[in-house]
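J.: The structure is given below, and queries will be raised subsequently.
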Amino acid sequence: MRRYWKEALGWKSVGYHKVIEANGNIVQLAPDSAITNGVAGHNSTSLHVSYIGGKDTDDRNIQQRQAIAAVLLGWLQKYPKARICGHRDFPNVNKACPQFSAEKEYGYLYLLAGPKNDKPIINSD
Ligand SMILES: [Zn+2]
């Protein structure tokens with residue numbers, strides 16, 4: 001992935017902060033302080049996690065689902081004003097990924113993260 005981003009796309013940074021492997025292993029590609037290339041136009045104000053798979057269907061396995069939840073919960077605890085969004089949920093982004101509603105599925109994490117977190121805004125779809 002790193003080679004593809006650098007050589008094929010010419011990016012100076014990686015595409016995501018963290019990626020979830022098929023076995024649920026969380027690989028950190030960049031520190032939170034880095035600007036990665038997850039969502040064009042929003043990279044300086046967002047953190048990005050992706051999982052291996054999911055190009056055309058939501059094929060996350062249970063290990064990946066749990067790993068994504070762990071990453072998001074950690075970020076919500078560190079950044080209480082953060083919102084959970086899928087790539088497709090950002091304005092002016094013409095993408096279908098992920099193949100599920102990120103905030104609908106993981107919105108329960110706002111409650112687990114603590115009282116400082118804003119109330120979730122659940123997208124309707
Ligand atoms: Zn995407």
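The values are calculated or read from the model by the stated rules, or taken from the named source; none is laboratory data. These figures come from a predicted structure and were not determined experimentally. Please note: Cβ atoms are built from the backbone with ideal geometry, for glycine as well, and neighbour counts cover all protein chains shown.
J.: Being at pLDDT below 95, closer than 21 Å to Arg60 by Cα and hydrophobic (A, V, I, L, M, F, W, C) is the filter here, so list the residues in the stretch 79-99 that pass it.
T.: Passing the criteria: Ala96, Cys97.
J.: Sticking with this structure for a sec: Restricting the search to the stretch 32-48, which residues are away from the ligand (no atom under 14 Å from the Cβ) and touching a residue at least 40 places away in the same chain (Cβ under 8 Å)?
T.: Asp32 - this is the single residue of the stretch 32-48 that is away from the ligand (no atom under 14 Å from the Cβ) and touching a residue at least 40 places away in the same chain (Cβ under 8 Å).
J.: Which ones in the stretch 50-79 are away from the ligand (no atom under 16 Å from the Cβ) and of a type in the set (S, T, N, Q)?
T.: Those that are away from the ligand (no atom under 16 Å from the Cβ) and of a type in the set (S, T, N, Q): Asn61, Gln63, Gln66, Gln77.
J.: Go through the stretch 5-25 and report how many residues are surrounded by 14 or more Cβ atoms within 10 Å (Cβ to Cβ), within 21 Å of Arg65 (Cα to Cα) and over 12 Å from the mean Cα position of the chain (by Cα).
T.: Final tally of qualifying residues: 2.
J.: With respect to Leu47, is the statement that it is farther than 18 Å from Leu109 by Cα and surrounded by 16 or more Cβ atoms within 10 Å (Cβ to Cβ) true? Please lay out each step first, then the result.
T.: Working: farther than 18 Å from Leu109 by Cα: no; surrounded by 16 or more Cβ atoms within 10 Å (Cβ to Cβ): yes.
No: the conditions fail for Leu47.
J.: Can you name the residue in the stretch 80-109 that is more than 10 Å from the ligand (Cβ to nearest atom) and over 14 Å from the mean Cα position of the chain (by Cα) and, of all such residues, is surrounded by the most Cβ atoms within 10 Å (Cβ to Cβ)?
T.: Top of the filtered list is Pro80.
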